[in-house]
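Student: The structure that follows is given in the form of structure tokens.
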């Protein structure tokens with residue numbers, strides 16, 4: 001026989017009884033009770049099984065900011081919702097506010113918080129100074145109040161839709177009037193998943209319980225693509241491409257960018273002195289990779305397996321994988337790291353955005369060896385990148401939730417190892433600078449370095465240099481590839497040029513951005529396609 005000790009009847013234990021003859025009255029809800037139930041055989045005390053198993057603590061939308069604790073009946077207490085006396089039924093109590101809620105009202109209004117506010121707001125006819133319990137702002141404004149929940153809010157804040165859809169999450173987000181009801185209790189440093197700034201759990205916000213995704217009201221509104229019933233936009237990240245099983249790497253591959261021959265998989269480590277570049281990401285090739293020895297063509301396995309179509313978070317249009325190197329001397333400009341490349345790009349179906357695959361493949365959250373904590377993607381920001389020189393313009397950045405650290409896409413995608421033409425070893429991306437004499441210089445430009453910023457370093461040669469001096473302004477351009485152009489009789493290839501070089505043969509202007517197209521045979525030289533070449537027919 002099951003026996004319990006209940007806080008409402010501490011004198012004697014209660015026994016669970018399957019059958020008994022006489023009906024009684026439940027001391028928890030003041031309603032008739034018959035078997036099975038809990039019974040005290042000493043004093044004829046009864047409790048429904050459901051009343052005996054009530055949660056001792058709840059968070060309730062009728063009083064969202066504090067925990068309510070279950071109490072036994074009291075003559076001195078009145079339910080603040082129905083205004084009935086609590087002398088014959090259990091009720092929930094808030095010590096901070098002296099708020100009381102009987103279990104019937106708690107059941108009617110429910111403790112589920114996944115469907116927003118269910119009551120009507122009543123307008124207050126004059127402006128007042130108050131702190132809105134929805135947005136948390138204090139100002140003089142017209143207000144509305146919910147008499148059931150005692151919720152005081154700006155009139156504008158009562159108009160938030162109960163659920164919305166944004167591109168950053170594949171599910172609908174639900175309006176929660178007190179995020180503390182649904183967020184984890186230990187998550188005192190909760191952050192908005194859109195702006196990566198701290199969020200006040202006592203205020204309202206939009207929340208997805210399936211993904212544990214939370215957003216400020218204003219952040220969700222800025223990213224709003226429709227109400228939850230709007231099915232015209234599919235925000236799921238759907239991909240289609242080469243058919244691979246999970247974790248599978250085919251030994252031989254037919255790739256759309258190299259249809260002349262099949263590519264063969266290699267897992268062998270490559271000599272550090274090689275100059276082989278991946279045609280996709282334009283970085284030094286490393287195992288595992290695919291190659292065609294006949295054509296000197298190389299692709300990292302990850303680059304070879306990229307989907308042909310892809311949806312990306314925070315963007316409404318479909319992206320298509322596009323190999324820029326297949327066109328005559330063309331490059332694309334990445335809208336996140338702001339670099340040009342003639343490798344693979346994802347191009348937006350509307351033609352307005354392009355994303356190189358280095359930025360596309362970067363994991364979120366990012367765990368970079370240059371910082372001890374995980375970094376999260378934040379929207380457009382004017383914050384200065386902690387790893388490089390000079391402030392950045394408005395762009396997406398990675399931020400640390402644990403401290404004041406910001407990393408721009410340009411630095412987040414710097415190669416960890418890079419080959420410099422005047423050093424026989426690979427240079428390593430390095431994050432701290434310490435030496436005995438505390439003088440820090442770049443050995444390429446011979447200018448002083450800031451010791452707080454990242455740099456490239458060769459330990460064997462004691463060689464240090466700015467990242468910009470090592471990788472140049474265009475680190476992801478393949479210079480040795482030849483292109484055929486109908487307006488010139490010989491092949492052209494990308495070359496580096498400076499202000500001191502011979503001017504462009506098309507416009508007679510100097511090369512101030514380090515990049516040109518050159519003819520090896522007749523020394524013809526011209527600005528790239530987005531300037532002079534584009535004006536001449538490409």
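Student: Please count how many residues of segment 290-329 are surrounded by fewer than 18 Cβ atoms within 10 Å (Cβ to Cβ), modelled with pLDDT under 85 and either at positive phi or in contact with a helix residue (DSSP H, G or I) (Cβ under 9 Å, 6 or more places away or on another chain) (or both).
Tutor: Going through segment 290-329 one residue at a time, the tally reaches 4.
Student: Limited to segment 29-64, what total is found for residues that are in contact with a strand residue (DSSP E or B) (Cβ under 8 Å, 6 or more places away or on another chain), surrounded by 21 or more Cβ atoms within 10 Å (Cβ to Cβ) and modelled with pLDDT under 85?
Tutor: 5
Student: Among (1) outside any strand (DSSP E or B); (2) in contact with a strand residue (DSSP E or B) (Cβ under 6 Å, 6 or more places away or on another chain); (3) over 22 Å from residue 356 (Cβ atoms), there is one condition residue 460 misses while meeting the rest; what is its number?
Tutor: (2)
Student: Between 75, 31, which is within 52 Å of the chain's Cα centre (by Cα) and either farther than 26 Å from residue 152 by Cβ or not assigned by TED's automatic domain parsing to the domain that holds residue 150 (or both)? Spell out how you get there, then give the answer.
Tutor: Details: 75 fails: within 52 Å of the chain's Cα centre (by Cα).
When all the criteria are applied, what remains is 31.
Student: Any residue in segment 90-105 that is at pLDDT 85 or above sitting within a Cβ distance under 6 Å of a residue that is part of a helix (DSSP H, G or I) and crowded, with 18+ Cβ neighbours inside 10 Å? List the pairs, counting only those 6 or more apart or interchain.
Tutor: Matching pairs, first to second residue: 90/103; 92/106.
Student: Yes or no: residue 67 within 18 Å of residue 150 (Cα to Cα) and in contact (Cβ under 8 Å) with a residue 24 or more places away in the chain? Show your work before the answer.
Tutor: Values: within 18 Å of residue 150 (Cα to Cα): yes; in contact (Cβ under 8 Å) with a residue 24 or more places away in the chain: yes.
Judged against the criteria, residue 67 is a match.
Student: In addition: Wholly within segment 463-528, which strands (runs of 3 or more DSSP E) include no fewer than the required count, namely at least 1 residues that are touching a residue at least 60 places away in the same chain (Cβ under 8 Å) and crowded, with 16+ Cβ neighbours inside 10 Å?
Tutor: Values: elements: 463-465, 492-495, 516-518.
Correct list: 492-495, 516-518.
Student: Residues of segment 210-232 being loosely packed, with under 14 Cβ neighbours inside 10 Å, in a loop (DSSP other than H, G, I, E, B) and at pLDDT below 70, which ones?
Tutor: If the condition is that a residue be loosely packed, with under 14 Cβ neighbours inside 10 Å, in a loop (DSSP other than H, G, I, E, B) and at pLDDT below 70, then 229, 230, 231, 232 are the ones that fit.
Student: Look through segment 338-352, keep the residues that are buried (at least 23 other Cβ atoms within 10 Å of the Cβ) and part of a loop (DSSP other than H, G, I, E, B), and return whichever of them is modelled with the highest pLDDT.
Tutor: Among them, the one singled out is 343.
Student: From the list 16, 91, 20, exactly one residue is in contact with a strand residue (DSSP E or B) (Cβ under 8 Å, 6 or more places away or on another chain) and either under 24 Å from residue 176 (Cβ atoms) or buried (at least 18 other Cβ atoms within 10 Å of the Cβ) (or both). Which is it?
Tutor: Every option except 91 fails the conditions.
Student: In addition: If I filter segment 27-34 for residues that are over 24 Å from residue 176 (Cα atoms) and touching a helix residue (DSSP H, G or I) at 6+ places or on another chain (Cβ under 6 Å), do I get at least one hit?
Tutor: From segment 27-34, those over 24 Å from residue 176 (Cα atoms) are 27-34; that's our starting set.
So of that shortlist, the ones also touching a helix residue (DSSP H, G or I) at 6+ places or on another chain (Cβ under 6 Å) come out as 28-29.
Taking every residue of segment 27-34 in turn, at least one turns out to be over 24 Å from residue 176 (Cα atoms) and touching a helix residue (DSSP H, G or I) at 6+ places or on another chain (Cβ under 6 Å).
The values are calculated or read from the model by the stated rules, or taken from the named source; none is laboratory data. All values derive from a computational prediction rather than experimental measurement. Every residue, glycine among them, receives a Cβ derived from its backbone with ideal geometry; neighbour counts consider all protein chains shown.
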